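The block underneath contains the structure these notes are about, expressed in structure tokens.
The values are calculated or read from the model by the stated rules, or taken from the named source; none is laboratory data. Remember, it's a predicted structure, so these values are computed and weren't measured experimentally. As a convention, Cβ positions derive from the backbone with ideal geometry for all residues, glycine included, and neighbour counts pool all protein chains shown. Side chains are part of the model used for accessible areas, which takes the heavy atoms of the whole protein and leaves out ligands, DNA and RNA. Shrake-Rupley method; radii C 1.70, N 1.55, O 1.52, S 1.80 Å.
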Amino acid sequence: MRFTTASTSLSILALSCAVAAAQSPPQSLPPITVEAQAAKPKAKQKAAPQPVKAETAPVQPPPREKATGPVQGIVATRSATGTKFDAPLLETPQSISVVTADQITQQRATTLSEALNYTPGVSTGFYGIDSRFDWISIRGFSAYLPGVFLDGMLMRNNDTWSVWKVEPYGAERIEVMKGPPSVLYGQGNVGGMLNVVSKMPLDKPLNEVEVRLGNYNRLETAFDFSGPATSDGKLLYRLTGTMLNTNAQVDFAEQKRVFIAPSFTWRPNSSTSLTFLSQYSKDDTIPSQGTYLPNPHAEVRRSLFIGDPSYDKFDREQWAVGYQLEHKFDDTWQIRNKVRLSSVEVDYKTLYSAGLSSTDPSVLNRYAFTSRETATLLTTDTHVQANFATGPLKHTLVAGIDYQNNDFRQRSGFGSGPSLDLDDPVYGVAVTDPAIYNNSKTVLSQTGLYVQDQAKLGGLILTLGGRYDWAKTEIENYLDGTSPEVADRAATWKAAVMYRTASGLAPYYTYATSFFPVGALNPATGNAFAPETGQMHEVGLKYQPTGSKALYTLAAFDITRQNHLTYDNAYTAHQLGEIKSRGIELEAKAELAPGLDLIAAYTWLPDFEITKSASAAEVGKRQPMVAEHSAKLWLHYTHRSGPLQGFGYGGGVRYIGESYGDIANSDDMKAPDYTLFDAVVDFERNGWKFALNVNNIADEKTITCWDGCYVGTGRTIIGSIKHRW
């Protein structure tokens, strides 16, 4: 593993400043001496009657929402994802959707994909039932690569199976920023980024335990404890965890998972905060290999396991440790420093579909695939923030340096596997591990310098940012002894203008570019793929009615992505020339009345096509698995008074339009549209909460396709009991 002296020095400098500030003795005052003197006797006087004052407790305003803190309800109004400082969403010139912890609880989201089911511009579950990964795309582009950001730092930058798994219960909020994030975060997906904000230690006691029971023998427990660890409140703690044991909707598939996240915050004074964050999780899973195949013989049932329980497995172990340091020097300057070391280990074996036999449609041909992987990622980010004025302009300036080093090792095999009789499947057959086709070590490092200035003049908000990255990919191929290296440099920038009116309307326009070093080899040439680049135009309108708890957003976008990397059914990588994504998104999150929550989202993506490619036949075709229309609506009402106080109920509907299943855009490979209904009934009183959530009430069978077809999740039922004190 390699470290750069620049990032390390800044980390040490920031920590030294904070510790010095914490250890500085307070200014002392000279001692005051009080001397008693004998008082002369006075004549007694009758005291005048004093008016009696009624004692009333001062009215305490609700706590101000913080960009990384808890949100009361489903409507967040502040975020730091788009700016790297605490800013109102109404003043952030980019479309950002925030899923709060209360929304996660209300909808009983157990995966990252489920937490984003009601978010515009986001598609989930397009590879069907799969407990291994959260398959998510933003504005049509897969968010699988580069991966999820955790607390503003990337958790992965390799295009393999060692993917960080997010536990929604450990998240305070999940934020989706649409469009290129490169200026502030370096490598990124031109479609947008997912930033998971961890639950942080609280300054008030929190004690919570929960039990969840569901269909498919689901048993899950969760706990969350936080509060001051010392009487002076300078040391805070939090301990969050879950344990899961469940089967799945596919025969033999099961999942066992444990997650625990201890954290501490030290606040030696009002200007300094140091938070230690850590988490560990382990998954033992038999992959859900259910599928739906066009079959003249018979329709394949949803529960069919097309792997082999004696061979298939997906075991993942991951951990992360790090800290976040903040120190405010004065009203102008403050510094933030983050460092994290994380690791993901994966042991993966599977038999999966290679298509139906050409001679017997009741026989499924299968491939065999194995992969053992270890990915270790070091990330650092240090930046200063300055708040100052130049004449009538009020500035918030952010400037910093970040560094990433990903040491990734992979040993993978691929080949033909035994076939499966769909009418009478036989399991437990001997499977020989396929021949190794990849045995390599890849080290991808990246250093970036960035600066962004947000200037305000009355209601006018101007944002301008720029960044320069140095990226290097070093590959050691142990099979052929080669050691290719690729060095990339790139400049990215962003410019935006916004105007916030007194009525709460805020129109804006943003232009941004992106850069992403792929860090993978082209199997045809043996050389590394070229880095991805992208550009985005976005025009939008945000509206937050004065005095309301609501935020409405309309955004129209035009995105171009070059060197887009995709995979075929044989796990072979292909780098397409260029893809265009144009569309419109609408989002409404509001508390329409006391206790009545609304979430509404609509996405229209009329253009998502390949505009340049090495294959002329692909030009003008729509990318598979990208629907043109999707619409989502969620309502939930809780009685705030009366005999039904604490009783709540609600539900939602999700519509996903049809999509193509191959790059040829064949009609016979088109996946049909579908509509899903969800519902919840809950009751909360005296620290107890009981809830029953049902997703896909009608048990609708959903299909997505890309070369092969995949069946989506059926009806899920989860009952939960939570106690908080």
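Just a few scattered comments:
- Lys, Arg +1 and Asp, Glu -1 on Cβ, resulting dipole of segment 87-176 about Cα centre, debye, nearest 20: 200 debye
- What a 1.4 Å probe finds exposed on the chain is 58% carbon and sulfur by accessible area, rounded to a whole percent.
- Leading residue at positive end of dipole, the chain (Cβ point charges), from His639, Pro624, Asn215: His639
- Where a label projected 7 Å from the Cα of Ile717 along Cα→Cβ would reach, residues of segment 209-238 with amide N under 14 Å: 213-218
- Set Lys84/Lys178; Lys199/Lys338; Lys84/Lys494; Lys84/Lys394; Lys234/Lys549; Lys204/Lys549 screened for pairs whose C-alpha atoms are more than 21 Å apart: Lys234/Lys549; Lys204/Lys549
- Extending 7 Å from the Cα toward the beta-carbon at both Asn439 and Lys66 defines two label points whose distance is 5.1 nm.
- A dipole drawn for the chain from +1 and -1 charges on Cβ atoms has a positive end, and of Tyr118, Thr370, Gly69 the residue lying farthest that way is Gly69.
- The chain shape via C-alpha gyration tensor axes, a/c threshold 1.5: prolate
- Taking the chain and dividing mean pair separation by its residue count, relative contact order in percent (alpha carbons under 8 Å, at least six apart): 11 percent
- Modelled FRET efficiency - R0 22 Å, Ser357 with Asp668, Cβ distances, 0.05 increments: 0.75
- Multiplying the residue separation of Tyr468 and Ser343 by 0.36 nm and subtracting their alpha-carbon distance yields 42.3 nm.
- For the listed peptides 528-536, 148-156, 500-508, a ranking on the average number of other beta carbons within 10 Å per residue, highest first, reads 148-156, 528-536, 500-508.
- Length gained when the stretch Ala593-Leu505 is fully extended (0.36 nm per residue, less Cα-Cα span): 29.6 nm
- Around Lys456: net Lys/Arg minus Asp/Glu count, Cβ-Cβ under 10 Å: +1
- Dividing the summed helix terms, -39500 (n - 2.57) for each DSSP H run of n ≥ 4, by the number of residues in the chain produces a 222 nm estimate of -1000 deg cm²/dmol to the nearest 500.
- Assuming charge only on the beta carbon of Lys and Arg (+1) and of Asp and Glu (-1), the dipole of the chain about its Cα centre is about 3400 debye to the nearest 20.
- Contact order relative to length of segment 195-349, as percent, for alpha carbon pairs under 8 angstrom and 6 or more apart: 16 percent
- Spatial offset of segment 184-261 relative to segment 486-519 amounts to 32 Å, using the alpha carbon center of each.
- Here segment 120-163 and segment 365-443 have alpha carbon centers that stand 10 Å from each other.
- Here the contact order of segment 552-628, divided by its residue count and restricted to Cα pairs under 8 Å and six or more residues apart, works out to 26 percent.
- Cα centroid separation - segment 71-94 against segment 639-716, whole Å: 27 Å
- Straightening the chain between Val321 and Ser303 buys 2.6 nm, computed as 0.36 nm per residue apart minus the Cα-Cα spacing.
- Label point of Phe647 set 7 angstrom out along Cα-Cβ; within segment 674-712, amide nitrogens under 12 Å from it belong to 682-684.
- C-alpha long axis of helix 5-23 to longest principal axis of the chain, angle in °: 30 degrees
- Separation of the alpha carbons by more than 30 angstrom is noted, of Lys313/Lys632; Lys328/Lys589; Lys282/Lys689, for Lys313/Lys632; Lys328/Lys589.
- Dipole-positive endmost among Thr553, Pro425, Gly719 within the chain (Cβ charges, Cα centre): Thr553
- Surface analysis of segment 139-256 yields an accessible area of 28 Å² per residue, using protein heavy atoms and a 1.4 Å probe.
- Each label was represented as a point 7 Å from its Cα along the Cα-to-Cβ direction; for Asn245 and Asp453 these points are 6.1 nm apart.
- For segment 665-705: rounded, prolate or oblate by the Cα gyration tensor [a/c cutoff 1.5]: prolate
- Overall form of segment 135-276 per C-alpha gyration tensor (a/c, 1.5; a/b vs b/c): oblate
- Where labels lie 7 Å past Cα in the beta-carbon direction, separation of Leu206 and Asn477 in nm: 5.0 nm
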